[in-house]
Structures are given as C-alpha cells and as structure tokens.
C-alpha cells in the first residue's frame with residue numbers, strides 16, 4: 001500500500017479582471033499549498049476503484065484516474081481510498097488536490113500531465129507540484145515560487161459552500177472587477193513581493209480578494225469570521241477564493257494556536273495550519 005498526501009490550496013490573494021470569450025475571468029492570484037491535506041491510500045486491485053465516503057456524486061479523483069487510462073497509462077489497477085481532512089466545498093481545493101495526487105502517480109510515465117490537469121479543472125494544474133505559486137490567466141498559468149518564510153494560518157470554514165458562479169455574479173452586480181492593465185500591474189506587484197521568499201505578512205497590504213465583498217454579501221457570517229480573526233490578532237484576514245472559508249495570518253504556529261483558542265465558540269471548527277513546503 002502507498003500513502004499519499006493531497007494538500008489544500010489557499011488563495012492568499014485573488015485579483016479578478018475582465019471576462020474572457022470563454023466566459024471565464026482573467027485572474028491574478030497567489031496560491032499557497034497547506035499542511036492541511038487529505039490522506040490517500042493506494043493499493044493494487046482487480047479493477048480501478050476510487051472510494052471516498054464523504055463525497056456524494058462525481059469525484060474528481062476518479063475522473064483523474066479515468067483520464068490517465070485514456071492517455072494510455074498502463075500502471076496496475078488500483079483501489080484509491082480518500083480520507084477527507086480538507087473541508088468540502090470550502091474554497092480550499094480539496095477535490096483538485098485529490099485529482100492532482102492521482103495524476104502524480106503517473107509522473108514520468110504519461111506525457112502531458114499538465115494538459116490533463118487543466119482539462120479536469122483550473123486548480124488541478126497548480127496542485128501537481130504543491131507549494132507557493134503565482135497563477136494567472138483563468139488559473140491555468142502557474143509559476144512556482146520559492147517557499148515563503150515562516151507563518152501560520154487559522155482557517156474558519158463553513159458547513160455549506162458557496163457556488164463560484166453565484167459569487168462571480170454577485171461581484172458583477174456589486175460593480176467589482178479590474179481592467180486588464182490594472183490587473184497586470186497589481187499582479188506584477190504581488191508576484192514580485194512573493195518571489196523573494198518573504199512571509200506574506202511582510203506584504204500584507206497586497207493581500208486582497210476581489211470576490212470578498214460578494215462572498216460576504218451572500219453569506220454574512222463570513223464577514224463575522226473575518227472580523228473575529230482580526231480581533232484575535234491576525235496580521236491579515238480575508239476570504240480565500242470565492243469562499244466561504246475565512247483565514248487569518250500569524251507569525252507562527254504558536255501564535256495561531258493561541259488565536260484559534262481565543263475565537264468565539266461559534267467558530268469552534270476553526271483549523272490551524274501552515275504552508276506546505278514544495279517537495280516535502
């Protein structure tokens with residue numbers, strides 16, 4: 001049996017530009033893989049099977065395994081069991097992380113893994129090599145960045161997710177979005193700040209989420225979570241991706257643990273995590 005980890009993905013920042021001809025939006029984002037991860041057990045079997053008791057309906061990891069077979073992968077038939085640790089529909093990329101972990105099983109044996117990942121979903125490509133990355137286009141262009149200096153996070157997830165389509169529609173209703181030139185300028189500043197390996201706390205003023213107001217409009221409790229994180233000392237607090245998870249940044253795990261313990265009881269599901277180091 002082989003054990004895999006599928007790290008969660010956090011948007012430390014998300015800048016949203018104009019809509020493209022394909023209906024997707026241009027974005028500039030800073031992705032950070034987390035030590036929070038799903039655990040995946042892989043074992044030989046008579047037929048391919050992906051088992052995840054926590055996911056109802058289509059499973060992106062199963063789609064990834066099917067895509068590998070269609071691409072000609074001749075690895076042994078596998079039973080893949082997923083133990084979900086990443087909250088579902090939380091904006092933390094759990095499904096994409098699982099799919100990328102499955103694709104990594106065929107690394108060096110199947111050409112074009114990046115193209116397969118992009119077809120499965122915009123976030124899957126970045127998870128093929130989990131770490132800190134600058135992402136643009138519609139999420140398909142991924143530039144790995146050096147591991148950041150020490151910091152830690154407190155995450156406040158919510159039981160019910162938010163539809164990305166609904167959040168984007170609400171953002172348009174609220175008048176959000178950047179012109180392409182502004183998106184490129186702001187994205188370049190974000191990339192430059194992160195490229196030297198600094199802690200994101202050192203460039204906290206650049207950490208913004210253009211979908212945050214829309215997520216808070218659709219789910220007012222998210223605003224309460226961000227405020228609670230600020231009240232317990234987060235150096236920056238915002239929403240990841242299209243939400244609904246809120247997160248706060250702290251200098252280290254000790255500070256994050258203390259802050260998590262100080263949160264109001266209604267946020268008892270908060271999670272302390274840190275950045276995953278590339279290749280760890």
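A few notes on this one:
- Residue in region 159-174 that is in a loop (DSSP other than H, G, I, E, B), within 17 Å of the chain's Cα centre (by Cα) and under 17 Å from residue 32 (Cβ atoms) present: no
- Residue 251 meets the conditions (1) over 27 Å from residue 164 (Cβ atoms); (2) modelled with pLDDT under 95; (3) in contact with a strand residue (DSSP E or B) (Cβ under 9 Å, 6 or more places away or on another chain) in every case but one. The failed one is (2).
- Considering the conditions (1) touching a helix residue (DSSP H, G or I) at 6+ places or on another chain (Cβ under 8 Å); (2) at pLDDT 95 or above, residue 11 is excluded by exactly one of them, (1).
- The helices (runs of 4 or more DSSP H) located wholly in region 83-130 that include 2 or more residues which are touching a strand residue (DSSP E or B) at 6+ places or on another chain (Cβ under 8 Å) and surrounded by 24 or more Cβ atoms within 10 Å (Cβ to Cβ) occupy 94-104, 124-127.
- Within region 226-280, being out of contact with any helix residue (DSSP H, G or I) (no Cβ under 7 Å at 6 or more places or on another chain), more than 16 Å from residue 9 (Cα to Cα), free of Cβ contacts under 8 Å to residues at least 60 places away in the same chain and part of a loop (DSSP other than H, G, I, E, B) holds for one residue alone: 268.
- Looking only at residues of region 189-210 that are out of contact with any helix residue (DSSP H, G or I) (no Cβ under 8 Å at 6 or more places or on another chain) and part of a helix (DSSP H, G or I), we find that the one that is farthest from residue 174 (Cα to Cα) is 195.
The values are calculated or read from the model by the stated rules, or taken from the named source; none is laboratory data. Because the structure is predicted, anything quoted here is derived from the model rather than measured. Virtual Cβ from ideal backbone geometry, glycine too; neighbours counted across all protein chains shown.
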